[in-house]
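The values are calculated or read from the model by the stated rules, or taken from the named source; none is laboratory data. Just so we're clear, the structure is a prediction, and the values are computed from it rather than from any experiment. Reconstructed Cβ throughout: ideal geometry from the backbone, glycine too, with neighbour counts over all protein chains shown. These accessible areas exclude ligands, DNA and RNA; they are computed on the full protein's heavy atoms, side chains included. Shrake-Rupley method; radii C 1.70, N 1.55, O 1.52, S 1.80 Å.
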Amino acid sequence: MDRRQMESAIAGVVRCLGASLKNLGLYPTTHPLVRTPVEKCHVELAPFFADRSELALTVSDGTLVLEGVPIFQLTSSLELFMARLGAIGLPAVIFERGVSVEDIELFVRFLHETKEQGLPIPEIKSRLARWGVTHIRVTATEEEEKDDFALAREIYGNALNVVVRALKDVRNGKIPDGAESDRAVREMSGMVSRNRDAMLALTLIKNFDEYTYNHSVNVSVLSLTVAETLGLSETERIGIGVAGLLHDVGKTQLALDLIRKPGTLTVEEFEEIKKHPEEGFAILGKMTHIQESTRAVVREHHMRFDRTGYPRPEPEYRMNPHSHVIAVSDCYDALTTMRSYQKARTPQQALDIMKKLAGKSLDPDLVELMDRSLGVYPVGTMVRLSTMEVGVVTGNPGGGKGESMVAILFDRSGNPLAAPKGVDLKEPDPSSGKPRRMILGTVNPLMHPPVSMSGILQAVSA
Ligand SMILES: [Fe+2]
Ligand SMILES: [Fe+2]
């Protein structure tokens, strides 16, 4: 594309965005006058991504600038578009390669429906995540900028509050607000699409006292990750995520010391525990904003793949396939958590145990999918490198297909570094040209002082 072609294409993109936004004020979202410009915009954007991965749109001194090209031919729809960007408080909008018609449509609707002015950037980011916009992002120029990990932490913390509130409500004989769970899961789902590793890393937060709460959020995040890898629709993903968040809500009906009892249960105690899926099913039935399938999944989360669990299904009973997603996530989180009667397994050990359960209590396809998508070394795994340094995996780009990202915590003599050091495993050794560091294998995290994963992630991403 030469300069002139680029300028005219850019003008086309912005004109389409403006036209759609303007018509959205007059017609419903499905109207061709709203929809067609969005589709046109998508077509106009495509050639840009032939040689670049993103395209930046900024407002600078009252002028709209796309990839450094100022747009001067202002039309009324363009002016409206700029005014909306400015009012909401967006200094820059970035379109990423892979942006879909749906992303653009949702973004235009976001501009139209957001009535507040001067929102802080993290708030705009979390809203876009909530709306499900994945390939359009906003950036701030100044210190307002928060990285994905900070945003993920905020979203995780919010979901945790929602669970705490929901379980307390049930204990107090109140019906929890289903809309709150729905909203929290939408945020997490958006974040999983945007930066899966940032969200997954948080599932490593294992708070012993608050086990049920963190466990609920972790199961939701893991299930959302599986659901996304399966390519399920948004409605299905949200339904699964809410089921994950509330799968053990029925335990609120059990005595607290029974839930917290370490070690083996008596036969009578186990009979009590077995009631929680049905109790959960009943509670969800009274809540608003809960999909029918979510209810079914909560009831079925211990039925097991081979149907030997509880409540025991009748031969003709048809299980919801999504129940198996919750079951694998539930199992993975339980195994990687330290309990009074069990040490925490490393992610790899947990996956090995799960492979033995595949086809029996767990769906073999989902175990395999989880094994593949979490990568050979899932985020949070402690690894020894060929340099004998020890570090922790902080990310697995490309959904586990790329080289893991590692933060080194201990030097080759085992001394802790002053600060975690992020390294690129692709970085070559200047003398041999071969990668300087390779992962040799996992190390037992219990051999090293405990590390704060969120602290490491923050240090490495800063
Ligand atoms: Fe359960
Ligand atoms: Fe559970």
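Have a look at V192, V170, V221, V217 and point out the one that is within 16 Å of ligand 2 (Cβ to nearest atom) and closer than 23 Å to R137 by Cβ. Please lay out each step first, then the result.
Values: V192 fails: within 16 Å of ligand 2 (Cβ to nearest atom); V170 fails: closer than 23 Å to R137 by Cβ; V217 fails: closer than 23 Å to R137 by Cβ.
Step by step, each of V192, V170, V221, V217 is checked, and only V221 is within 16 Å of ligand 2 (Cβ to nearest atom) and closer than 23 Å to R137 by Cβ.
Residues V34, V65, V99: which one is modelled with pLDDT of 80 or more and within 23 Å of T139 (Cβ to Cβ)?
Of V34, V65, V99, the one residue that is modelled with pLDDT of 80 or more and within 23 Å of T139 (Cβ to Cβ) is V99.
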Could you check the stretch 364-427 for strands (runs of 3 or more DSSP E) lying wholly inside it with 3 or more residues that are under 26 Å from the mean Cα position of the chain (by Cα)?
390-395, 405-410, 416-423
Suppose the filter is more than 16 Å from ligand 2 (Cβ to nearest atom) and free of Cβ contacts under 8 Å to residues at least 12 places away in the same chain; does K360 pass it?
no
If I ask for residues that are more than 14 Å from V13 (Cβ to Cβ) and among the aliphatic types (A, V, I, L, M), which ones from the stretch 95-120 would you list?
L106, L111, L119
Listed by first then second residue, the pairs whose first member lies in the stretch 210-232 and is in a helix (DSSP H, G or I) and within 14 Å of ligand 1 (Cβ to nearest atom), whose partner is open to solvent by 10 Å² or more (accessible area, probe 1.4 Å) and of a type in the set (K, R), with beta carbons under 8 Å and at least 6 positions apart or on separate chains, are Y211/R339; T212/K251
Would you please list the contacts, defined by Cβ atoms under 7 Å and residues six or more apart or on different chains, that run from a residue in the stretch 250-275 that is on the phi < 0 side of the Ramachandran plot to a residue that is away from ligand 1 (no atom under 16 Å from the Cβ)?
T252/R171; P262/S340; P262/Y341
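Okay, residues lined up against (1) assigned to a loop (DSSP other than H, G, I, E, B); (2) farther than 28 Å from G441 by Cβ; (3) under 24 Å from the mean Cα position of the chain (by Cα):
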| position | (1), (2), (3) |
| --- | --- |
| F281 | no, yes, no |
| V297 | no, yes, yes |
| E314 | yes, yes, no |
| S323 | no, yes, yes |
| T337 | yes, no, yes |
| R345 | yes, no, yes |
| L351 | no, no, yes |
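Look through the stretch 240-272, keep the residues that are open to solvent by 20 Å² or more (accessible area, probe 1.4 Å) and of a type in the set (A, V, I, L, M, F, W, C), and return whichever of them is nearest to T212 (Cα to Cα). So that I can check it myself, show each step before the final result.
Of the stretch 240-272, the ones open to solvent by 20 Å² or more (accessible area, probe 1.4 Å) are 251, 253, 255-272.
The next check asks that each one be of a type in the set (A, V, I, L, M, F, W, C); those that pass are 255-256, 258-259, 265, 267, 270.
Values: A255: 14, L256: 11, L258: 13, I259: 9, L265: 18, V267: 22, F270: 18 Å.
Step by step, filter the stretch 240-272, then rank; the result is I259.
Select from the stretch 276-292 the residues that are more than 16 Å from ligand 2 (Cβ to nearest atom) and open to solvent by less than 40 Å² (accessible area, probe 1.4 Å) and list them in ascending order. Working first, answer last.
At the first step, the residues of the stretch 276-292 found to be more than 16 Å from ligand 2 (Cβ to nearest atom) are 282, 285-292.
Matches in the stretch 276-292: M287, I290.
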When you go through (1) closer than 22 Å to V221 by Cα; (2) of a type in the set (D, E); (3) within 16 Å of ligand 2 (Cβ to nearest atom) one by one for D352, which number turns out not to apply?
(3)
Options L265, L256: the member that is more than 24 Å from K356 (Cα to Cα) and either away from ligand 2 (no atom under 15 Å from the Cβ) or of a type outside the set (S, T, N, Q) (or both):
L256
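Quick one: in the stretch 309-340, which of the residues that are polar (S, T, N, Q) and touching a Ser or Thr at 6+ places or on another chain (Cβ under 6 Å) is most open to solvent (accessible area, probe 1.4 Å)? I'd like the intermediate steps shown before the answer.
We begin by selecting, within the stretch 309-340, every residue polar (S, T, N, Q); these are 320, 323, 329, 336-337, 340.
Adding the requirement that they be touching a Ser or Thr at 6+ places or on another chain (Cβ under 6 Å) leaves 320, 329.
Values: N320: 32, S329: 0 Å².
If we take residues in the stretch 309-340 being polar (S, T, N, Q) and touching a Ser or Thr at 6+ places or on another chain (Cβ under 6 Å), then N320 is most open to solvent (accessible area, probe 1.4 Å).
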Looking only at residues that are among the hydrophobic types (A, V, I, L, M, F, W, C) and more than 14 Å from ligand 1 (Cβ to nearest atom) in the stretch 293-308, which one is surrounded by the most Cβ atoms within 10 Å (Cβ to Cβ)?
F305
Where residues in the stretch 341-390 are of a type in the set (G, A, S) and within 27 Å of M303 (Cβ to Cβ), which of them is modelled with the lowest pLDDT?
A344
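Among the residues that make up the stretch 417-424, is at least one of them away from ligand 2 (no atom under 16 Å from the Cβ) and under 30 Å from D248 (Cβ atoms)? Walk me through how you get there before you give the answer.
We begin by selecting, within the stretch 417-424, every residue away from ligand 2 (no atom under 16 Å from the Cβ); these are 417-424.
Adding the requirement that they be under 30 Å from D248 (Cβ atoms) leaves none.
No; the residues of the stretch 417-424 include none that is away from ligand 2 (no atom under 16 Å from the Cβ) and under 30 Å from D248 (Cβ atoms).
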